Amino acid sequence: MEAGRKPGIRRIGIMGGTFDPIHNGHLALADAAYRQLTLDEVLFLPAGNPPHKRTRPEGATDSQRLAMVQYAISDYPQFVLDQEEMRRGGLSYTKDTLLRMKDEKPDTEFFFIIGADSLMAMDTWYHPEIICRCCHLAAAIRDEYPLEVLQGKASELEQRYHASIFMLNTPRIPISSTELRRLCREGRSIRSYVPAAVADFIEKNDIYGSQAYNERL
Ligand code: ATP
Ligand code: MG
């Protein structure tokens, strides 16, 4: 049996995000968690973002974000799309989603997969103590934070919320969805940062192009 595995208990990773658009940084992070924590699967959970609450005029629609996640994970049998938060619409809180998942799947250990920026911002999340009670945190190392700073934050969260935190050894892919939307707006290619099918879909539908942006402003 692999280290850390409890008999009869499934290990599920949860990769939440706006995914506007999903990119190779998200996929590399989820894949690192899958391998390093010997997970059974990783659920991709696009956040709800109803039109009346949309704060980013340059953003894709919900169905476009869903389609992009579907394209991106189609090459990874261990990645599964979970539409729960999007179906509910409105702002969904991670702690509610996790409580619900735990309730539905009691024989499961959950690993909430986050980037380093999310780990640093954990105290500002809604009820971090509930999040930490429901799942382990699996945090990546992104290059904007030195390792000592991340480790310091991890110890703080362990003490404050009894968090159980795993640090993932991830390749550093210094991109964000915000940056990718900007590149599109400027007419530049994002092909090195997203799977080909996602780039094709974005181009074909001119999701983040300057024309689409101006129309939505
Ligand atoms: P935005 O620019 O809109 O904030 P983003 O690229 O940061 O987008 P999110 O949807 O905010 O993507 O992030 C979802 C999760 O993925 C977060 O936990 C975030 O820390 C992590 N993440 C985002 N980009 C990277 C990356 N390049 N490498 C590792 N983790 C990442
Ligand atoms: Mg972000």
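The values are calculated or read from the model by the stated rules, or taken from the named source; none is laboratory data. This is a predicted model, so every value here is computed, not measured. Glycine also receives a Cβ, built like all others from the backbone with ideal geometry; neighbour counts cover every protein chain displayed. Just so you know, the surface numbers come from the protein's heavy atoms only, side chains and all, with ligands and any DNA or RNA stripped out. Shrake-Rupley method; radii C 1.70, N 1.55, O 1.52, S 1.80 Å.
For the reader, a short list of remarks on this structure follows.
- Residue that is most open to solvent (accessible area, probe 1.4 Å) [pool: residues in region 105-120 that are out of contact with any Asp or Glu (no Cβ under 8 Å at 6 or more places or on another chain) and within 16 Å of ligand 2 (Cβ to nearest atom)]: Met120
- Of all the residues in region 121-134, those that are within 15 Å of ligand 2 (Cβ to nearest atom) and surrounded by fewer than 19 Cβ atoms within 10 Å (Cβ to Cβ) number 3.
Per-residue answers, yes or no, for (1) open to solvent by 20 Å² or more (accessible area, probe 1.4 Å); (2) within 11 Å of ligand 1 (Cβ to nearest atom); (3) part of a loop (DSSP other than H, G, I, E, B):
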| site | (1), (2), (3) |
| --- | --- |
| Asp103 | yes, no, no |
| Arg181 | no, yes, no |
| Asp200 | yes, no, no |
| Ile207 | no, no, yes |
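- Among the residues making up region 86-111, those that are more than 16 Å from Phe19 (Cα to Cα) and among the hydrophobic types (A, V, I, L, M, F, W, C) are Leu98, Leu99, Met101, Phe110, Phe111.
- All positions within region 11-32 that are touching an Asp or Glu at 6+ places or on another chain (Cβ under 7 Å) and either open to solvent by 10 Å² or more (accessible area, probe 1.4 Å) or not in a strand (DSSP E or B) (or both): Arg11
- Residue count for region 124-173 satisfying the condition of being touching an Asp or Glu at 6+ places or on another chain (Cβ under 6 Å) and near ligand 1 (Cβ under 8 Å from one of its atoms): 1.
- Subset tally (residues that are part of a strand (DSSP E or B), open to solvent by 20 Å² or more (accessible area, probe 1.4 Å) and of a type outside the set (Phe, Trp, Tyr)) for region 135-179: 3
- Among residues of region 10-23 that are within 18 Å of Pro106 (Cβ to Cβ), those with a Cβ under 9 angstrom from a residue that is within 16 Å of ligand 2 (Cβ to nearest atom) and at pLDDT 95 or above, sequence gap 6+ or separate chain, pair up as Gly13/Ala30; Gly13/Phe112; Gly13/Ile113; Ile14/Phe44; Ile14/Leu45; Ile14/Phe112; Ile14/Ile113.
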